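Here's the structure we're looking at; comments come further down.
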Amino acid sequence: MLTLFRPALVLLAGMTLLTGLAYPLAITAIAQALVPAAANGSLIVQDGSVIGSRLIAQDFAGARYLHPRPSAAAFSAMPSGASNLGPSSATLRREVAARRSAWEAANGGTAPVDAVTASGSGLDPQISPANAHGQAARIAAARGLPLAEVSRIIAAHTESRWLGLYGEPRVNVLLTNLALDAATPVAPAAAN
Amino acid sequence: MSISPSAHPGLYAAALKAAFAKLHPRALIGNAVIFVTAVTAGLTTVLALRDLAIGAPGWGVTLQLAFWLWVCVLFANFAEALAEGRGKARADSLRATKAETMVRLLAREDDPAPKPVPSSALRAGQLVRVEAGDLIPTDAEVIRGVASVDESAITGESAPVIRDSGGDRCSVTGGTRIVSDSLILRITAEPGKSFLDRMIALVEGAERQKTPNEIALNILLAGLTLIFLFVVVTLAPFARYSGIAIPVVTLAALFVTLIPTTIGGLLSAIGIAGMDRLVRANVIAKSGRAVEAAGDVDTLLLDKTGTITFGNRMADAFYPARGVSETQLVRAAWLASLSDATPEGKSIVDLARRLLPALTGETPDMGESVAFSAQTRLSGVDLPGRQLRKGAVDAVERFVGRSADPALRAKIDEIARSGGTPLLVAQDDVILGAIHLKDVIKPGVRERFAELRAMGIRTVMITGDNPLTAAAIAAEAGVDDFLAEATPEMKLDYIRREQAGGRLVAMCGDGSNDAPALAQADVGVAMNSGTPAAKEAANLIDLDSDPTKLIEVVLVGKQLLISRGALTTFSIANDVAKYFAILPAIFVAAFPGLGVLNVMGLASPQSALLSAVIFNALIIVALIPLALRGVKYQPSSAAALLRRNLSIYGLGGLIVPFIGIKAIDIAVTALGLV
Amino acid sequence: MHDLLGYLLFCAVLTAGGWALAGLMTRVYAAERTPLSPVFDPLERGFYRLAGIRADVSQGWKAYALAVLVFNLTGFVALYAILRLQGALPLNPDGIAGMPADLAFNTAISFVTNTNWQAYSGEAQLSYLAQMAGLTVQNFVSAATGMAVGIAVIRGFTGERGAGLGNFWADMTRSVLYVLMPLSVVVALVLAVQGVPQTLLGAVHATTVEGADQVIARGPAAAQIAIKQLGTNGGGFFGVNSAHPFENPTVLSNMVQCLSILLIPVAFCFVFGRMAQDRRQGWAIFAAMGVMFVLGLVVIWWGETGGTAVLGLGTNMEGKEQRFGAGLSALWAAATTAASNGSVNAMHDSFMPLSGLVEMVNMMIGEVVFGGVGAGLYGMLLYVVLAVFLAGLMVGRTPEYLGRKIEAREVTLAMLAFLSMPFGILAGGAISASVPAALASVQEAGPHGLSEILYAYSSAIGNNGSAFGGFGAATQWQTTTLGLLMLLGRYAIIVPMLSIAGSLGAKQRAAVTSGTFPTHGPLFVTLLILTVAILGALTFFPVLALGPIAEQTALAAGHSF
């Protein structure tokens, strides 16, 4: 019995030390040394307090802000989640229709597809450029900024396809909104 | 002796009757696929009768489905019965030669007073005496005497053959008839175990054991049947989830159409027919395994004499010595050979007459003929005043007391190098010239070997000739390798070497000294005329004692495997169309959109179901001729064969049922059966 | 168009990478020196000495299989214990409690069998210790187990007669040390640079710009994600797996992970060719897998970029991330379902019906389109045995593969292994579609609900691990039945395949002649694909008709449920 299990027990113990402790701890040490900000969650700190992560969507409902994609998990990052509704789901059909009319009521024009569908993570930090520019007029009006300035900020935060082949063009909502706040003379607290 | 069903219309009736007899569960259980089909048919019948009794809607279609499921089972039985029937017809004709006779039993070899006993009472080891006109009672070995034996009852060859003791022609077979002289025989077969008995059992399929590949295939088919059982049984709850209630009869029909009934129904017929083809070629297989192994053979060891060349060397040319005219040489050779009865002698006479037509009309003074002897190694004729001799070069040189002139010497060497045998002709003390005797390659042999090569089979020529001669003949015949000055040990070594290299070896042999090699070879074919030892060591016995038969055996083995593989592929490929026929029929009521799967545009769910089941039954009967005849086999490389068979039976298996089911659907609808 | 060009470039890089890795792997498993030998050789020897292993002793198939089972059983017990006790163990900054018994059972089996099905949500139900010492370890060793079995099977098929299948302990150890570990370090660091967290600090509380509270989970994710992809595991650090911006923050991280998923399975094809000393054999299997992969990818891409008129959508973006769009989500779905990697970067439940069908078929055929590390190759060899047997007869010889005869024993074992897929999916699925306790897990009405059940059972038995996320897998019924099916799907194939390898390895190799059935070239590739399609996929045609096909036709008619 022992001869049978000895290799298994020893190797499992050895592998646990190697792959379960040494490996992740070594990666942690290297990552913390090389890229501490990224390794700790790409957090954004303002005035000493964490206001979010560059990579994690947070809800924006105010007219002054770019709105992120719908989240089936209400922007909870603990735990994350999606709607998992299938394409033939009547619920999804209703939700899409409701989001479409809400978006179009708020912004005018035709809602882009990413604005009416929930993201996979519920934490999608980005929206399509069409979605962002579709909201530009509303934001400009709410902030009293020229539309061109809002459009410029959006364009500055637009990423294009990698190698021209991979991924979709996208705009990071949180970073754009922070840039909008920085560009708007009025204090954000007063505006809300 | 070929027995085709068309020649024997009675076979059909008998097979039809047997098809019903085989419905007995004990007969069905041996074939998993068909047994399961029969069980399903039984279940369907019960349900159909219930529907009929309570007048449930659609009972007509249910009844028809049950009927066609039974037809499917019957067709499978019919195929097997037909194959067996053909064998039985041959067995009956063989049995006729096994008449009970009285034989003379000897107490010892020189027993002057033989005791008459019935032939069926003979045991192995007993001695009997047979005389002209007697039927040889059972398999035996000649221990004394020379006689000619008529083997036509077994081999179909009408010319009697010589059988004598001691040599490689000492074996006689039960059922043959002695036509001259008398023999003393030692019985070698126990009652019921003679070749004739084995042959009868073989053709009747009574002793048919499943071959290794057949067993493997049966496992595969049983596995597939089990998978489709899962598919069909679980379909009911899946459908219920989707709000569809599938009648049990529909599931039964789907099940039977999906399981590989085509190959399942024809598998044993293919096997029996394969054995029958072998028997018709006058070869007895001691096991089915040997026949399959023949299909796998990589290397064929063939005896030169009789297989590659005609048995004897023949005169090919005359080369006069310096100062001798060709006419003089030819005439001398002709005279020296006139009384020589050997094939070589005859061929010299023939060639001389062709070269000098004048000789034909001449009747020379025969003089006193001098026969060949082992001491002189010369033969010839003593005419008044002169002695003519022909013989081996050194023997003639010794006879005349001088050597051939240099030009002739060069010619002699050239003949030897080319694989021929040089003979010298001399008159008194003058060498007249040389005769070129050469092996004549049988017509078509070269092409045959090229075919074998294309199939990936190496041919190796076995000969007692010296390497020089052997090389020349090997080149002319187009064999891949040769074994010169072959001894039994060398043959055995060669076979072992080939086998160590991963090649399967087949050989044929007749002598006792071939026995070890025959036993070592993966496929050993013994000549029926050969010694009991050789026949015991071999796993196939050729009743015609024709060494080229080895090639036929290989082809029969391959054809057997190809037929199984092709029909299995066909059967499995059929499922695609059957899904497309039956699934929309089941689901379309709940999901009208699934009508898109009805690519055949079948008239109604009922007609689709019925058509698929009818097709399933009819395809079996349609393929019976193919199963019995075997898939056409053209010797070619494996890649070419695969391409051909995959496109015919794979692609055909995908397409044919679409057409067939559609056609049946049209007919079923037109006839108002649904 | 950019999607298709991108796919083409991806396939080229993948093929080149797999081909290069195969050279290294062949040397590793032949116990030859590799660049990393100076680093790991002493460690490897130390392991063997402590464990009492004689690495150069080749095992027969029974000994090999027994070693696999004993090692995996030990791993299961250890992982189960960690999951149950994590609340009392260190490295638990968020104070997560021990897992309930049935969920721990399911999770432990899931990781030991390389399925990595997630009935739990990582960030909410696992401590850092459980993630690292529990799951990450099994990510390594379950992958190494698959690789070792893959190599053992290759040895049986291709090796010298009677040479045995090799030594499981050595094959497993070398897989970790020389293949998985170095690649993981590289991938983990790339991911950390891209923004995947690698920290021992607990969740952070943020006050958002609009003043809401947001709890942001994080942890030592990069290290685990690297091995989850390379080992075709797929169990995510976070609940939404690689759709989570922390698991897969950028397009570059996505491409690196996508490559990692398929790299070792692709390399295995070429390792096979190298060890068979006939590289064409490896290319043939690669080509068959490649064709099926590309066909599947194109169908998914077509479905997702096309979207559905019912929702008034162009591209189907429900459940997808903006940075990936339809193109990279389709590539990921095709790659992961093909490679038995349960990770997702978009929600499969929300994919179009025919995309879901492709995903399911990839799993139903037994994860043989590249498949799990090692497992994909030995799974495909199962089909090769069947294809060679059927078609081999058609050339008039006893079927043989690489010179070894396929006879009754091999066919019996192959059918035995082959039966586990239809049995698991159809029987498991049918019961689940009937029993009320199981039906509670189904989220959707109509045919899509049936697809959810089918997907779950295909994923479990195929040891894939991804799910139609709407399917509530955390019920006691599902954790138990799916757990048992994961065991069946893993070991009911491993044991017969090792047995086939043992049996073939003991046979003399026949010489190759022009009468030999050719197992390379387009004809054989076509034959192999058709065998997979007809024997593997066709069995599931009826249920697929009731699920995704019915849903597709309903969508086309404008229905929703």
- Query: Here is a list of conditions, (1) touching a helix residue (DSSP H, G or I) at 6+ places or on another chain (Cβ under 6 Å); (2) within 12 Å of chain C (Cβ to nearest Cβ), and residue A:109 meets all of them except one; can you say which number that is?
  - Reply: (2)
- Query: Given the conditions (1) facing chain C (nearest Cβ under 9 Å); (2) without any contact (Cβ under 8 Å) to a residue 60 or more places away in the chain; (3) of a type in the set (A, V, I, L, M); (4) part of a loop (DSSP other than H, G, I, E, B), which single one is not true for residue A:145?
  - Reply: (1)
- Item | Residue among C:489, C:502, C:515 that is touching a Phe, Trp or Tyr at 6+ places or on another chain (Cβ under 8 Å), on the phi < 0 side of the Ramachandran plot and in contact (Cβ under 8 Å) with a residue 40 or more places away in the chain | C:502
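Given region B:509-609, what helices (runs of 4 or more DSSP H) lie entirely inside it while holding 2 or more residues that are more than 28 Å from residue B:479 (Cα to Cα) and within 14 Å of chain C (Cβ to nearest Cβ)?
B:549-587
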- Of (1) in the same structural domain as residue B:43 (by the TED database); (2) closer than 30 Å to residue B:151 by Cβ, residue B:300 satisfies all except one. Which? (1)
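Name every residue in region B:105-143 that is assigned to a strand (DSSP E or B) and among the aliphatic types (A, V, I, L, M), in order of residue number. Give the steps one after another, and end with the answer.
Taking region B:105-143 and keeping what is assigned to a strand (DSSP E or B), we get B:105-106, B:115-118, B:127-131, B:135, B:140-143.
B:105, B:106, B:117, B:127, B:128, B:130, B:135, B:140, B:142, B:143 - these are the residues of region B:105-143 that are assigned to a strand (DSSP E or B) and among the aliphatic types (A, V, I, L, M).
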- Pairing a residue in region A:82-94 that is more than 7 Å from chain C (Cβ to nearest Cβ) with any residue that is crowded, with 24+ Cβ neighbours inside 10 Å, where Cβ atoms lie under 6 Å and the two sit 6 or more apart in sequence or on different chains, gives A:91/A:85
- Task: Being of a type in the set (Phe, Trp, Tyr) and assigned to a helix (DSSP H, G or I) is the filter here, so list the residues in region A:71-117 that pass it.
- Result: A:103
- Could you please find all residues in region C:246-277 being of a type outside the set (Val, Ile, Thr) and within 14 Å of chain A (Cβ to nearest Cβ)? C:246, C:247, C:248, C:249, C:252, C:253, C:254, C:255, C:257, C:258, C:259
- Query: Does residue C:243 count as touching a helix residue (DSSP H, G or I) at 6+ places or on another chain (Cβ under 9 Å), modelled with pLDDT of 90 or more, closer than 19 Å to residue C:93 by Cβ and buried (at least 24 other Cβ atoms within 10 Å of the Cβ)?
  - Reply: no
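Residues that are more than 30 Å from residue B:608 (Cα to Cα) and of a type outside the set (Ser, Thr, Tyr): find the helices (runs of 4 or more DSSP H) completely inside region B:247-320 holding 3 or more of those.
B:261-280, B:288-296
Each row is one residue, and each column tells you yes or no for (1) farther than 16 Å from residue C:346 by Cα; (2) crowded, with 19+ Cβ neighbours inside 10 Å; (3) polar (S, T, N, Q).
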| residue | (1), (2), (3) |
| --- | --- |
| A:73 | no, yes, no |
| A:81 | no, yes, no |
| A:84 | no, yes, yes |
| A:87 | no, yes, no |
| A:96 | yes, yes, no |
| A:108 | yes, no, no |
| A:117 | no, yes, yes |
| A:120 | no, yes, no |
| A:137 | yes, no, no |
- Message: Suppose we keep only residues that are more than 7 Å from chain A (Cβ to nearest Cβ) and touching a Gly at 6+ places or on another chain (Cβ under 7 Å) within region C:163-207. Which one would you say is surrounded by the most Cβ atoms within 10 Å (Cβ to Cβ)?
- Response: C:165
- Task: All but one of (1) facing chain B (nearest Cβ under 7 Å); (2) touching a residue at least 24 places away in the same chain (Cβ under 8 Å); (3) out of contact with any Leu (no Cβ under 6 Å at 6 or more places or on another chain) hold for residue C:541, so report the exception by its number.
- Result: (2)
- Task: Kindly check whether there is at least one residue in region B:305-318 that is without any contact (Cβ under 8 Å) to a residue 60 or more places away in the chain and more than 29 Å from residue B:90 (Cβ to Cβ).
- Result: yes
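Select, from C:415, C:497, C:486, C:421, the only residue that is in contact with a helix residue (DSSP H, G or I) (Cβ under 9 Å, 6 or more places away or on another chain), surrounded by fewer than 24 Cβ atoms within 10 Å (Cβ to Cβ), in a helix (DSSP H, G or I) and not small (Gly, Ala, Ser). Step through it out loud before you land on a result.
Working: C:497 fails: surrounded by fewer than 24 Cβ atoms within 10 Å (Cβ to Cβ); C:486 fails: surrounded by fewer than 24 Cβ atoms within 10 Å (Cβ to Cβ); C:421 fails: surrounded by fewer than 24 Cβ atoms within 10 Å (Cβ to Cβ).
When all the criteria are applied, what remains is C:415.
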- Query: Out of region C:507-538, which residues are more than 8 Å from chain B (Cβ to nearest Cβ) and not in a helix (DSSP H, G or I)?
  - Reply: C:507, C:512, C:519, C:520
- So is residue B:270 over 27 Å from residue C:546 (Cα atoms), buried (at least 24 other Cβ atoms within 10 Å of the Cβ) and within 13 Å of another protein chain (Cβ to nearest Cβ) or not? yes
- Query: Would you pick out the residues in region C:182-213 that are farther than 15 Å from residue C:255 by Cα and free of Cβ contacts under 8 Å to residues at least 40 places away in the same chain?
  - Reply: C:198, C:199, C:204, C:205, C:206, C:207, C:208, C:209, C:210, C:211, C:212, C:213
- Query: residue C:370 fails exactly one of the following numbered conditions: (1) buried (at least 24 other Cβ atoms within 10 Å of the Cβ); (2) farther than 23 Å from residue C:519 by Cβ; (3) within 19 Å of the chain's Cα centre (by Cα). What is the number of that condition?
  - Reply: (2)
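Residues are listed down the side, and each one gets a yes or a no for (1) in contact (Cβ under 8 Å) with a residue 24 or more places away in the chain; (2) closer than 30 Å to residue B:199 by Cα:
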{"site": "B:64", "(1), (2)": "yes, no"}
{"site": "B:68", "(1), (2)": "yes, no"}
{"site": "B:72", "(1), (2)": "yes, no"}
{"site": "B:82", "(1), (2)": "yes, yes"}
{"site": "B:91", "(1), (2)": "yes, yes"}
{"site": "B:102", "(1), (2)": "no, yes"}
{"site": "B:114", "(1), (2)": "no, no"}
{"site": "B:143", "(1), (2)": "yes, yes"}
- Would you mind listing the helices (runs of 4 or more DSSP H) fully within region C:249-362 where at least 2 residues are more than 20 Å from the chain's Cα centre (by Cα) and in the same structural domain as residue C:225 (by the TED database)? C:251-275
- Query: Among the residues of region C:230-245, is there at least one that is within 8 Å of another protein chain (Cβ to nearest Cβ) and touching a Leu at 6+ places or on another chain (Cβ under 6 Å)?
  - Reply: yes
- Note on the structure: Across (1) over 30 Å from residue C:176 (Cα atoms); (2) within 7 Å of another protein chain (Cβ to nearest Cβ); (3) surrounded by 15 or more Cβ atoms within 10 Å (Cβ to Cβ), residue A:49 clears everything bar (3)
- Query: For region A:25-41, what are the residues that are in contact with a Ser or Thr (Cβ under 6 Å, 6 or more places away or on another chain) and either in a helix (DSSP H, G or I) or closer than 14 Å to residue C:189 by Cβ (or both)?
  - Reply: A:39
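The values are calculated or read from the model by the stated rules, or taken from the named source; none is laboratory data. Remember, predicted model here, so these are calculated numbers, not experimental data. Neighbour counts run over all protein chains shown; Cβ positions are idealised from the backbone, glycine included.
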